[in-house]
Every structure is written in C-alpha cells, then in structure tokens.
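Undergrad: Input: one structure, supplied below.
The values are calculated or read from the model by the stated rules, or taken from the named source; none is laboratory data. Predicted, not measured: the structure shown is a model, and the values here were computed from it. All Cβ positions, glycine included, derive from the backbone under ideal geometry; neighbour counts span all protein chains shown. SASA here: full protein model, heavy atoms, side chains in, ligands and nucleic acids out. Shrake-Rupley method; radii C 1.70, N 1.55, O 1.52, S 1.80 Å.
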Amino acid sequence: MARQAGIIKLKGKVGDMSFYKTKDGYLAREKGGVDKDRIQNDPAFQRTRENGAEFGRAGAAGRTLRTAFRPLLLRTSDSRLTSRLTREMVKVIKADATSVRGERNVLDGELELLKGFEFNANGRLGATMYAPFDASIDRATGEAVVNVPGFVPQNTIAAPQGATHLKFVSAGAEIDFEEDDFTLVTSDSGEIAIGPQAEVAINLTNGLPANSTKPLLLAFGVEFYQEVNGSFYPLKNGSYNALALVAIDGAPAAQQT
C-alpha cells in the first residue's frame, strides 16, 4: 500500500495498480497475492486458514456486541469502532487456552479483557468523568448496577464547550455470541445541569435475567446536551459522548463449550 502524491488524485484501476480513497487519504496498491484456492487447500497455508477463521469469529462477535449496545452507540460517535473492537476480540479469542488453534473462540477465551473498552475514542470516559463510580454485575439476581456518589458537575465532568447539561447512561446486556442474540436493558439519570450545585448520589440499575448462563456486560457513559428554550439538544451528534464497558462477567465455566 502506497500513498498517492501530487495534485491529481486517481481512483480506479490502471494496469495492475488500484487507486482508491480512504479516510487516511488517497492510496495505491499493486494487484497480486496468492490464489484463493491455494489458500483454502494448500497445507502450507494451514496457519493462514486458522488465523482467518479466528479473525472471522472475532469480527462476528464484535458485530453482535455492537448490535446489542446499538441504542447507546447511535449517540456515541467513533468511525473506527468496528476495527478497534475486532482487534480487542482477537485478543479475547487468543486467550482461549483449551481449544486448538483455528477453533479458539470468545466463550472459552477471556471476555473480561474487554473491560475498560471505550466505544468512542474521541470522547473517552476516563478523560471525561472524574467523579468516582462503582460498577457491578450480580449473576444470581441479574442486576447490573452503576453507582455514582454525590458530586459537583462542573468540578468532576470535563464538558465540551457549549454543553449546558449532561446525562449519565448505562446498559446491561446478556449476550449469546453463538446464536447472535442478546437482551439489553438501559437506564439513565435524566438531564443534569453542568454547574456548581451539589448533586445527590445516582443509582443506575439494569435488570437482566437472573441466573443467566450467558456472558453479562455493563456499559456506562456520559452524554452532553445544550438546553435551548426548555428543550435539550444532543451536542454535535454525540461526538463528545463517552461510553465504556465497566464490568463484565463471562459465562460460567460449566456452560462454556
């Protein structure tokens, strides 16, 4: 892959060269590579097939997770979320110490490695919220909870210019990665003025199925709004909003395959 230089930028094919535009600018690459049939059948490419299978599994798991949290992600902007999450899912799968190479999977891996994952690289929770909070998942009761002690908004929240209010949001998800299915429960604090007032403690509880045998994940974040004549408008389409995975409880070992 090479970057195009010069005044005239090309798009399309010229001989064995392909020219195209990406978010990183205008690039060019030469046609080539190994024949597809050889990759699928040649013993020399066994490792390539194994890596491809696991990468595909990571991509599918990432898609399921994104779909589960989609209601919140619609208000949290990050154009590279898909690739970033797939990269982290690969790490989860590679942590599988029981399956043979090529068959490693999310359930036998370490899903807890996703704790702390930021859905918006442009507005990270760790760089937005300085108020302490506790996050926990109780598999027996199904409660996925975030507790925020009393706080002063203007002292503990790094709000972007133009924001007048904030809202704490959380979501608990029970995800079946094998069946591409999920249950999502959300909760929020309502709009809170970004000012010097002392706010009382906030509890956000999401009730998931009790005694679930599937992975449970809890996300927590901050959304920013601007109040105009009594109405609240999302700030710049959510590009400043923060959302992260703050607690994860993988499926019980006895239920993993």
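Undergrad: Tell me, what is the percent relative contact order of the range 67-249, built from C-alpha pairs under 8 Å that lie six or more residues apart? Numbers along the way, then the final one.
TA: On the way: 420 pairs, mean separation 52.8, N = 183.
It comes to 29 percent, rounded to a whole number.
Undergrad: Same structure, new question: Solvent-accessible area of Thr82, probe 1.4 Å, all protein chains present, reported in Å² to the nearest ten, please.
TA: Answer for Thr82: close to 70 Å² accessible.
Undergrad: What order do you get for 213-226, 127-140 when each peptide is scored by the mean count of other beta carbon atoms within 10 Å, highest first? Before the final figure, lay out the partial values.
TA: Values: 213-226: 23.6, 127-140: 15.4.
In descending order of packing, they fall as 213-226, 127-140.
Undergrad: Let me ask something additional. Please work out the FRET efficiency for the pair Ala210 and Arg87, using the Cβ-Cβ distance as r and a Förster radius of 25 Å; give the result to the nearest 0.05.
TA: Values: r = 33 Å, r/R0 = 1.34.
My answer for the efficiency is 0.15.
Undergrad: Continuing with this model, one more query. Starting from the Cα of Gln154, step 7 Å along the direction of its Cβ; do the same at Arg70; then give the gap between the two resulting points in nm.
TA: Calculated label separation equals 4.1 nm.
Undergrad: Give the distance, in whole Å, between the Cα centre of the range 57-124 and the Cα centre of the range 216-239.
TA: 24
Undergrad: Let me ask you something else. Which of Lys91/Lys236; Lys94/Lys214; Lys94/Lys115 have a Cα-Cα distance over 23 Å?
TA: Numbers: Lys91/Lys236 33 Å; Lys94/Lys214 20 Å; Lys94/Lys115 16 Å.
Result: Lys91/Lys236 exceed 23 Å.
Undergrad: Related question: How much accessible area per residue does the range 67-249 have, in Å², with a 1.4 Å probe? Can you show the working numbers first?
TA: Working: 8440 Å² over 183 residues.
Computed with neighbouring chains in place, this is 46 Å² per residue.
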